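Before any comments, here is the structure.
The values are calculated or read from the model by the stated rules, or taken from the named source; none is laboratory data. Please read all numbers here as calculations on a predicted model, not as lab measurements. Neighbour counts are summed over all protein chains in view; Cβ atoms, including those assigned to glycine, are modelled from backbone coordinates with ideal geometry.
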Amino acid sequence: MNQATRIALTALVPAVWGTTYYVSTQFLPPDHPWFAALMRPLPAGLIALAISRTLPRGAWWWKSLVLGSSNIGFFPLLFIAAGALPGGVAAPLGAGQPVFVAILAFFVLGEKTSGWRAAWTVLSILGVAMVVLGPAAAFSATGIAAGIAMAASMSSGVVLTKRWGIPAGVSPVALAGWQLTAGGLVLLVPALLIEGAPSHIDAPALGGYLWLGVVGTLVAYSVWFNNLQYLPVTATALLGVISPLVAALVGVVGVVLNGESLNAIQVSGFILALLAMVAGQLSPQPLTSRRRAQQQVSDHKSLETSHRNDVSRLHIGGPCGDRTHDLRIKSP
């Protein structure tokens, strides 16, 4: 699989995640963020374990717990932020994830973020804000805190997943199963103690849980974990901009159906965010590096020319002492 195809496939994952806000607010029982967070990873993790039939070994028991807590344990924060904030206000908080990833990647992986990628990260956040924020945007301290903590938690999970990779002989589905099950078990007791199960789960709610659990979690995380090992972590995190854009786009569809339309600022922000996401995947060679490479090529050619016209010295030893003869080799 070439790099462009891998990036495109990985980009589908945050696109699927972008439907979470709409599904949770339109189909799932209200006021049950912990139960929704539990139903997303635990059944999917158990299905993945049944498919892979592979359990962790050695250090991967505690690594799975750490990764599951980071990558999956933030789910309640996601639903709390979705419930406390309008989707528009929550979106820029999620779009800020690449900032956390860049900081953690520097200290944990030693991966430096180029000025090019850092600039496009800032522009991507600005673009998302232009799309979703407006004069009527409502703010909640609880929702904002949950959104920031969610971005920080998932960022740590992304960086640690990149650092530890996938064990030899283990499939991405198995790795996803370990983390989803571990994260689900971490959420099990709090979900049951804090909320318990909803009194009624209808067909739309069941469909919502299936979509979030199977497509948005099992399939999505299997693809995410597999491709993360091949892509730069900061560039991969920038793909997360797609998630709030999809969330905003789904909301926009409803707005358009009601006879309204996007204004010029929103359209400009959408284009800016998409441009930033694509540009962030590129790694343009710095001007100094290009000059250095050109100089190396020039030096190499000069060396070859000099070698063809060089004077070979033959050292001959004998009874009369050492003598050195110059044998001039003509170029063919």
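Miscellaneous remarks
- Options PRO232, PRO244; residue that is under 18 Å from TYR22 (Cβ atoms) and within 16 Å of the chain's Cα centre (by Cα): PRO244
- Test: residue in the range 36-51 that is part of a loop (DSSP other than H, G, I, E, B), closer than 18 Å to ALA174 by Cβ and out of contact with any helix residue (DSSP H, G or I) (no Cβ under 8 Å at 6 or more places or on another chain): no
- Of the helices (runs of 4 or more DSSP H) that lie entirely inside the range 141-252, those containing 1 or more residues that are small (Gly, Ala, Ser) and surrounded by fewer than 19 Cβ atoms within 10 Å (Cβ to Cβ) span 141-164, 203-210.
- Output for the range 6-48, where each listed residue is more than 17 Å from ASN71 (Cα to Cα), at pLDDT below 90 and β-branched (Val, Ile, Thr): ILE7, THR19, VAL23, THR25
- Subset of the range 173-190 [more than 19 Å from the chain's Cα centre (by Cα) and within 14 Å of MET39 (Cα to Cα)]: THR181, ALA182, GLY184, LEU185, VAL186, LEU187, LEU188, VAL189, PRO190
- Applying the set (1) within 18 Å of PRO41 (Cα to Cα); (2) β-branched (Val, Ile, Thr); (3) in contact with a Leu (Cβ under 8 Å, 6 or more places away or on another chain) to VAL233 leaves exactly one unmet item: (1).
- Residue match in the range 154-167 (condition: at pLDDT below 95, more than 26 Å from GLY110 (Cβ to Cβ) and not hydrophobic (A, V, I, L, M, F, W, C)): no
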